[in-house]
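Structure, as structure tokens:
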Amino acid sequence: MIIILLGPPGAGKGTQAQRIQKKSGLIQLSTGDMLRAAVHAKTKVGMIAKEYMDAGKLVTDEIVVGIISERIMEEDCRKGFLLDGFPRTVKQATALDVMLSEKSLTLDAVIEMRVNDDALVDRVTGRYTCSECNEGYHDSNLKPKGDGICDVCGNTNFNRRADDNRETVVSRLEAYHSLTAPLLPYYEKAGVLKGVDGMASIDDVTFQINAILDNF
């Protein structure tokens, strides 16, 4: 089974990807992690990518697809895999389709986590984590039971991501709508697009995704 998770930054794709991996055994693939691993392992594509990185250039779409192509041939991907954060553009989606077709593989579903932009900005700018155990909290939606004390480990120090500010989040949303949102009609035409309410609770979103995956 091959799945893609789509949704703007802060929609909760990472959380749901981890849950899908735990439930179904699908391997969650991060292009960033795969790129670093390929460079470290000195694979053919990894060495080409290293040349771009050493020169301070962006790695091309072809190289990224090549790294995915190498990675999905490994034993742990035999059951299938989940892509989170790729593709980001229709051009990347087309290149991914060609690569999968060459390997006689089929994309089963693209799951869109539908969210409200204004609510998403509030969700992202209000989140923070325990500096010790990384438990997640929110200024209004999910405060610790004890004021300033982590529910899990009792730590009193918390962190906020530097890019979790309104200006950055709005900018990332604009980039998503201009570059990535065109993937929706692309995958809808292919008959693989499914939608879930990304503004629901984490558990409810998981329930909706599982209902889709149970059909495969």
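Summed over region 90-114, residues that are crowded, with 19+ Cβ neighbours inside 10 Å and β-branched (Val, Ile, Thr) total 2. If you go through region 22-47 and keep only what is of a type outside the set (D, E, K, R), more than 12 Å from the chain's Cα centre (by Cα) and assigned to a helix (DSSP H, G or I), you end up with 24, 34, 35, 37, 38, 39, 40, 41, 45, 46, 47.
Remark: pairs (first residue in region 12-29, closer than 16 Å to residue 76 by Cβ; second residue basic (Lys, Arg); Cβ separation under 9 Å; 6+ apart in sequence or on different chains) = 24/79; 25/79; 26/79; 27/71; 27/79; 29/71. Check 120, 142, 105 and return the single one that is within 19 Å of the chain's Cα centre (by Cα) and either closer than 17 Å to residue 7 by Cβ or of a type outside the set (Phe, Trp, Tyr) (or both). After applying the criteria, what remains is 120. Looking across region 103-131, just one residue is assigned to a helix (DSSP H, G or I) and either of a type in the set (Ser, Thr, Tyr) or within 21 Å of residue 26 (Cβ to Cβ) (or both), and that is 125. If you go through region 137-151 and keep only what is loosely packed, with under 12 Cβ neighbours inside 10 Å and either in a loop (DSSP other than H, G, I, E, B) or on the phi > 0 side of the Ramachandran plot (or both), you end up with 140, 141, 145, 147, 148. Residues in region 158-186 that are within 21 Å of residue 3 (Cα to Cα), assigned to a loop (DSSP other than H, G, I, E, B) and either out of contact with any helix residue (DSSP H, G or I) (no Cβ under 9 Å at 6 or more places or on another chain) or charged (D, E, K, R) (or both): 1 in all. Counting the residues of region 67-87 that are modelled with pLDDT of 90 or more and part of a helix (DSSP H, G or I) gives 6. Taken together, 134, 155, 215, 210 contain a single residue that is surrounded by 12 or more Cβ atoms within 10 Å (Cβ to Cβ) and part of a loop (DSSP other than H, G, I, E, B), which is 155.
Inspection of region 187-201 identifies at least one residue that is outside any helix (DSSP H, G or I) and of a type in the set (Ser, Thr, Tyr).
The values are calculated or read from the model by the stated rules, or taken from the named source; none is laboratory data. Please read these numbers as outputs of a predicted model, since none were measured by experiment. We place every Cβ from the backbone using ideal geometry, glycine too, and count neighbours over all the protein chains shown.
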